[in-house]
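Bear in mind these aren't lab numbers, they're just calculated from the coordinates by the rules spelled out. Please read all numbers here as calculations on a predicted model, not as lab measurements. Here the Cβ positions follow ideal geometry from the backbone for every residue, glycine too, while neighbour counts run over all protein chains shown.
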Amino acid sequence: MMDQAENLRNIVKMQNQKEISNARVISVTSGKGGVGKSSTSINLALNFQKKGKKVVILDADFGLANVEVMFGVIPKYNLSDLLFKGKELRDIITEGPNGVGFISGGSGIAKLTNMDKGQVRMLVRKLAELDEIADVILIDTGAGISPSVMEFLLASPETILVTTPEPTSITDSYALLKALGMNEDFDTSRKIKLLANKVYDEEEGRNLYEKLSIVVSKFLGIDLEYLGYVPDDPNIRRAIMKQKPVSIIYPNSMAAKRYQAVVERLDSGTDIEEAHSAGIKGFFKSIFSRKL
């Protein structure tokens, strides 16, 4: 017969396995618009999917709908329909290219902070189903330092900051990190992953990271991690004009290969287990902790 100690060990093991089965939640953000944040989210999603992961993008950049435009797919429902019109989670997930799912935030994102306790609990319960549907959830946040963006970044176990060599992009990235670091709920032990976008080559990408990292570490006490670079590839613009992701329409382009390399790096990181532990339910519970 199995002794009590062994039985306890098995229960703990099963619980740990259950926790790891939660979805990995990654927020993709930027200090300003126009730096390639949504394109990054989409192409990372496609490369995770290529590795056998089930991926869902939450388009939290309300009002712009960049994900659906780049996918060339118009969603029938969005987050507002889940919140206020009785739709279920599976109703509002639209299937994009190669089986990547996405949820349009619509005006629902703007209403998140104004919900009462009952609405919050209902939302968390419904969105918790994503842990059973997806392996990876990419949250395409709005750009800048609006309250909704800050809430998403504070709750996210992993954050990718997309930055370009343009001076305005660098200064706006610093402003975003400063706003994040000044918030009492920000965990300063967390590393923000920087993706250098629209750079000439790896050397320029590294220089961009080092320039920002030194200043951020010195004045804000935040550690940046270099995630990689994506070149200023004209194929990205061509793909956007055709409303097709560059990883699909130009799979042999330099940009497509770099997105693949970034996902390989993300998928081999040491913080994967921690990223899975809370899942999307833990993510939204963290956002709404004051109301639950």
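Specify whether the C-alpha gyration tensor of the range 28-287 places it in the rounded, prolate or oblate class, a ≥ b ≥ c being the square roots of the eigenvalues: rounded for a/c under 1.5, otherwise prolate if a/b is larger than b/c and oblate if not. Before the final figure, lay out each step's value.
Numbers: a/c = 1.65, a/b = 1.18, b/c = 1.40.
It is oblate, given that a/c is not under 1.5 and a/b is not larger than b/c.
Taking each residue as 0.36 nm, the span from K85 to V73 lengthens on full extension beyond its C-alpha to C-alpha distance by 2.1 nm. Only bridges with both residues in the range 28-287 count here: give the DSSP antiparallel percent, nearest 5. Close to 10 percent. For the range 28-287, a crude dipole built from +1 on the beta carbon of Lys and Arg and -1 on the beta carbon of Asp and Glu, taken about the Cα centre, is about 580 debye to the nearest 20.
Each Lys or Arg adds one and each Asp or Glu takes one away; over the other residues whose Cβ falls under 13 Å from the Cβ of S213, this sums to +2. Given their separation in residues at 0.36 nm each and the Cα-Cα distance between them, R206 and S146 gain 18.8 nm when the chain is fully extended. Roughly speaking, what is the stretch gain from E95 to E129, that is 0.36 nm per residue apart minus the C-alpha to C-alpha distance, in nm to one decimal? Taking E95 through E129 to full extension adds about 10.6 nm, to one decimal. The residues packed around A196, meaning those with a beta-carbon under 14 Å from its beta-carbon, carry a net charge of -2 if Lys and Arg are +1 and Asp and Glu are -1.
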